Amino acid sequence: MINYVSTRGSINTKTAAQAVIQGIAEDKGLYVPVNLPVLPFRLEELPGKTYQEIALKVISAFFTDYTEEEMKACVNGAYDNKFEEKEIAPLVQGGDAYFLELYHGKTAAFKDMALSILPYLLTTAMKKEKEEKRICILTATSGDTGKAALEGFADVPGTEIIVFYPNQGVSQVQERQMVTQEGENTHVFAINGNFDDAQTGVKRIFNDAVFAEELGKMNCKLSSANSINIGRLVPQVAYYVHSYAKMMEKGSLQAGEKMNIVVPTGNFGNILAAYYAKQMGIPVGKLICASNENKVLTDFINTGIYDIRRDFYLTNSPSMDILISSNLERLLYHLSGGNAAEVKALMESLDTEKVYEVSGKIKDGLKDFYAGFATVEETNRAIGAMYEKNGYLMDTHTAVAYKVYKDYVAETGDHTPAIIASTASAYKFADSVARSIGLEEEKDGFAYVKALHEKTGVRIPAGLKALESKPIRHTGVLDLEQMKESVKASLA
Ligand SMILES: *Cc1c(COP(=O)(O)O)cnc(C)c1O
């Protein structure tokens, strides 16, 4: 039996189902498993297993309160033919690395890997807990979570979904995906601020007890589809286990040999899932954390000081334009040996002083990680060079990771086989990608999609094809102080 506690130490332990419903803990902390489960497979038996078989066992190992039948229904409902690749998350060689392609779901970004199962995990949890209220999902997005959450929750009975994205802070394709979203229970707003403002605004609403009571009277209970929800994080562990199976199938690894994992990182959810896979028993060497010019995490991993007193940059990898990486709080909790008082003090320091420095014990734990960053120029160069040499097309986020991986190899000489989390289809960021491989300037994002397709022949994800002609359904633009009332109005 695995229970969940808050990283900030409130004494209530929860079952997984309760933690999934609640999203964020009462004391503002994030739910973490009290202890991490061991890998539910021997390494030797991994090759040949399907994605669904691996996901079922891995997620069940964390969510011990779900019955096998319940979890099977969740996994089979999520990972079906709405993914455009039968393997769900294929591992593809490009040059000297393996790309774990996580973007073959409906919205063409890796967020689909978790957000196609979260609605199942959540509605199952509501049944288990006899929750009668409507669950209202509040989501801040740097571009990809929003659309994936909207797709996942659209017209799911008993739920409403509200998404806030930074006005001018997402790509044209990303924005169009969100504002054309169908479904009676979907609500989308641009906010005048950046992603951190949106995320902070959402967290503030979660922590407003008076507002929660008001919503309660409207038969609503708030929850989260951001990676602060443990139901987002756990399903992501499955694809790292699956990638090890694929490496063994390809003969690139024997059972027990290590692989390195490179992750383009924003909110620290994806790389934390890789850390969990390692803790469970997948042989992983370095966890390589790649940032864009918003390189708070690079500096943190290299110095132990997390300092957000710096300029914020809008880059061409917008899903990583983040200064406050929420899931780092979970890593701090684990590395401190479960010292919630220490984590609470660090998070309060971040809130008030905008900076903190971790203890020696946490710094020691950070040695599992390597961190680096790529500028916009370096990102574009990486895309161009990879395409020219190997004919492999990377999106901007994946290219950030690849550039940092090259730096890592140059610096350390470590040639351990590496997998790079490939987090989005190149078509979501078609303008930057097209320009990086030498194509001419076009009039808008959609023209770039066409040009990129003509040049490369890479399949356009189905969800992006019809986008240009879809009617726009959501047009609201809000100031930060209007977020709360917009929630109430959406739920009325
Ligand atoms: C969300 C996202 C990331 C960052 O993932 P985190 O789990 O927030 O670190 C990277 N790339 C893309 C394309 C994304 O959508």
In percent, what relative contact order does the range 399-492 have, based on Cα pairs under 8 Å that are 6 or more apart in sequence? 18
Stretchable slack from Asp414 to Glu184, in nm (0.36 nm times residue separation minus alpha-carbon distance): 77.6 nm
So if I place +1 on the C-beta of Lys and Arg and -1 on the C-beta of Asp and Glu, and nothing else carries charge, what would the dipole magnitude of the range 1-128 be about its Cα centre? I want it in debye, nearest 20. 440
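Compare the peptides 114-127, 152-165 by average per-residue count of other Cβ atoms within 10 angstrom and give them in order, highest first. Can you show the working numbers first?
Numbers: 114-127: 23.7, 152-165: 21.1.
Most protected by this proxy first, the peptides run 114-127, 152-165.
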If you take the charge dipole of the range 1-132 about its Cα centre, with +1 on Lys and Arg Cβ and -1 on Asp and Glu Cβ, which of Ala108, Val5, Gly48 is farthest toward its positive end? Val5
So which of Lys295/Lys403; Lys246/Lys278; Lys57/Lys130; Lys217/Lys488 end up more than 18 Å apart, counting from Cα to Cα? Lys57/Lys130
Helical mean residue ellipticity (222 nm; -39500 (n - 2.57) per DSSP H run of 4+; nearest 500) of the chain: -13000 deg cm²/dmol
Using a simple spin-label model with points 7 Å from Cα along the Cα→Cβ vector, what separation in nm is obtained for Phe312 and Lys127? 4.1
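Accessible area per residue, 1.4 Å probe, Å², for the chain: what's the number? All intermediate terms of the calculation are to be shown ahead of the outcome.
Working: 18330 Å² over 492 residues.
For the chain, the solvent-accessible area averages 37 Å² per residue.
Return the carbon/sulfur percentage of the accessible area of the range 211-325, one whole number, probe 1.4 Å, all protein chains in place.
Numbers: 1370 of 3090 Å².
Result for the range 211-325: 44 percent of the exposed heavy-atom area is carbon or sulfur.
Within the accessible area of the range 126-206, what % is carbon and sulfur when the probe is 1.4 Å and the other protein chains stay in place? Working shown, then result.
On the way: 1100 of 2660 Å².
Taking all protein chains in place, the range 126-206 shows 41 percent carbon and sulfur surface.
Which order do the peptides 348-356, 374-382 take when ranked by the mean count of other beta-carbon atoms within 10 Å per residue, highest first?
Numbers: 348-356: 13.4, 374-382: 19.6.
Listed from highest to lowest mean packing, they are 374-382, 348-356.
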With a/c under 1.5 counting as rounded, go ahead and sort the range 224-336 into rounded, prolate or oblate using the C-alpha gyration tensor (a ≥ b ≥ c being the square roots of the eigenvalues; past the cut-off, prolate if a/b is larger than b/c, else oblate). prolate
List residues of the range 104-121, by number, whose backbone nitrogen lies under 12 Å from a label position 7 Å along Cα→C-beta of Arg459. 104-105
If I take the Cα coordinates of the range 373-463 and project them onto the principal axes, what are the three extents in Å, biggest first? 42, 25, 20
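Carbon and sulfur together cover what percent of the accessible area of the range 348-492 at a 1.4 Å probe radius? List each step's numbers first, then the result.
Working: 3400 of 7090 Å².
Exposed carbon and sulfur together represent 48 percent of the surface.
Using a 1.4 angstrom probe on the protein heavy atoms only, line up Glu329, Glu175 by accessible area, largest first. Before the final figure, lay out the partial values.
Values: Glu329 10, Glu175 65 Å².
The ranking, largest first, comes out as Glu175, Glu329.
Among 318-326, 464-472, what's the highest-first ranking by average C-beta atoms within 10 angstrom per residue? If you can, show how the numbers build up before the last one.
Working: 318-326: 24.0, 464-472: 12.7.
For the peptides 318-326, 464-472, the packing ranking is 318-326, 464-472.
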How big is the chain on each of its three principal axes, counting only the C-alpha atoms and giving the largest first in Å? 60, 50, 48
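If you put +1 on each Lys and Arg Cβ and -1 on each Asp and Glu Cβ, how big is the dipole of the range 231-296 around its Cα centre, in Debye rounded to 20?
Working: 7 positive and 3 negative charges, 9 e Å.
Roughly 40 debye, rounded to the nearest 20.
Please report the relative contact order for the range 335-492, taking Cα pairs under 8 Å with a sequence separation of at least 6, and give it as a percent rounded to a whole number. Write out the running numbers ahead of the final one.
Numbers: 121 pairs, mean separation 24.1, N = 158.
For the range 335-492, the relative contact order is 15 percent.
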Full-stretch length increase - Val477, Lys354 - with 0.36 nm per residue and alpha-carbon distance subtracted: 41.5 nm
What distance in nm separates the simple spin-label points at Ala341 and Lys86, each placed 7 Å from Cα in the Cβ direction? 5.7
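Once you charge only the Cβ atoms, +1 for Lys and Arg and -1 for Asp and Glu, what is the size of the charge dipole of the chain about its Cα centre, to the nearest 20 debye? Don't jump to the answer; show the numbers that get you there.
Values: 52 positive and 63 negative charges, 129 e Å.
Result for the chain is approximately 620 debye, rounded to the nearest 20.
The values are calculated or read from the model by the stated rules, or taken from the named source; none is laboratory data. Quantities reported herein were computed from a predicted structural model and do not represent experimental measurements. With ideal geometry, Cβ positions are generated from the backbone for all residues, glycine too; neighbour counts draw on all protein chains shown. Note: accessible area is taken over every heavy atom of the protein model, side chains too, but ligands, DNA and RNA are not part of it. Shrake-Rupley method; radii C 1.70, N 1.55, O 1.52, S 1.80 Å.
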